[in-house]
1. Using amide H atoms built 1.01 Å from N in the peptide plane, name the residues 5+ places from Gln32, or on other chains, whose amide H lies under 5 Å from its own.
2. Along Cα→Cβ, 7 Å out, is where each label goes; now give me the distance between the ones at Ala82 and Phe56 in nm to one decimal.
3. With a 1.4 Å probe and all protein chains in place, put Asp38, Asp106 in order of accessible area, largest first.
4. Counting other Cβ atoms within 10 Å, keep those with at most 14, restrict to DSSP loop, and tell me which trypsin sites (Lys or Arg not before Pro) in the stretch 22-61 are left.
5. Could you tell me which of rounded, prolate or oblate describes the stretch 48-115, using a ≥ b ≥ c as the square roots of the eigenvalues of the alpha-carbon gyration tensor, with rounded for a/c under 1.5 and, failing that, prolate when a/b is larger than b/c and oblate otherwise?
6. If I fit a long axis through the Cα atoms of helix 47-65 and take the longest principal axis of the Cα atoms of the chain, what angle between them do I get, 0 to 90°, rounded to 10?
7. Excluding Phe79 itself, calculate the net charge of residues whose Cβ lies under 13 Å from the Cβ of Phe79, where each Lys or Arg counts +1 and each Asp or Glu counts -1.
8. Quick check on the chain: take the gyration tensor over C-alpha atoms, sort the square-rooted eigenvalues as a ≥ b ≥ c, and tell me if it's rounded (a/c under 1.5), prolate or oblate.
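The values are calculated or read from the model by the stated rules, or taken from the named source; none is laboratory data. Every value quoted in this text rests on a predicted model; they were computed, and no experiment measured them. Methodologically, a virtual Cβ is constructed for each residue, glycine included, from the backbone with ideal geometry; neighbour enumeration extends over all protein chains shown. Surface accessibility is based on the protein's heavy atoms, side chains included, excluding ligands, DNA and RNA. Shrake-Rupley method; radii C 1.70, N 1.55, O 1.52, S 1.80 Å.
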Amino acid sequence: MSEIITSSGIDKISGKLNGRDSGYFYMRNGKQFYRTRDETYQKKQSPRQKWNSAAFKYANSQLKLLTSPEAKAQLAADFEAANHIASNGKTYTTVRAWKYNSLIHDYKQSHPFEQ
């Protein structure tokens, strides 16, 4: 925790200036401070959040495998055959969104959430 004295016309800075900063600015008793901290809030997830994260991780890993031109052509054909409706019942405008949400829905169906 260190006191910051700005030489520019900016009197108060609050939060991070960009996403790559290791700390954040805050005000206390009219003085500007900068503090670094570990952002561990993502590690403290509820069981349901972990289940959703696992579904997103699965969908992303499966999409990365579909990079060949043949696989992309097959996806486009499947997208048109399904009339842009994913397995979760929603309509999507792009092939990637359609497949991504289908993968998430399929993962959640095969791995139901149990408390």
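1. Residues meeting the criterion, in which the H sits 1.01 Å from N, are Ile4.
2. Once both label points are built, they end up 2.0 nm from each other.
3. Values: Asp38 130, Asp106 75 Å².
These residues rank, largest area first, as Asp38, Asp106.
4. On the way: sites: Arg28, Lys31, Arg35, Arg37, Lys43, Lys44, Arg48, Lys50, Lys57; in loops: Arg37, Lys43, Lys44.
Listed in order of number, the matching sites are Arg37, Lys43, Lys44.
5. Numbers: a/c = 2.82, a/b = 1.61, b/c = 1.75.
Note, shape of the stretch 48-115 comes out oblate.
6. Value to nearest ten degrees: 60.
7. Numbers: positive: Lys72, Arg96, Lys99; negative: Asp78, Glu80.
Once positives and negatives cancel, what remains is +1.
8. Values: a/c = 3.65, a/b = 2.35, b/c = 1.55.
Taking the square roots of the gyration eigenvalues as a ≥ b ≥ c, the chain is prolate.
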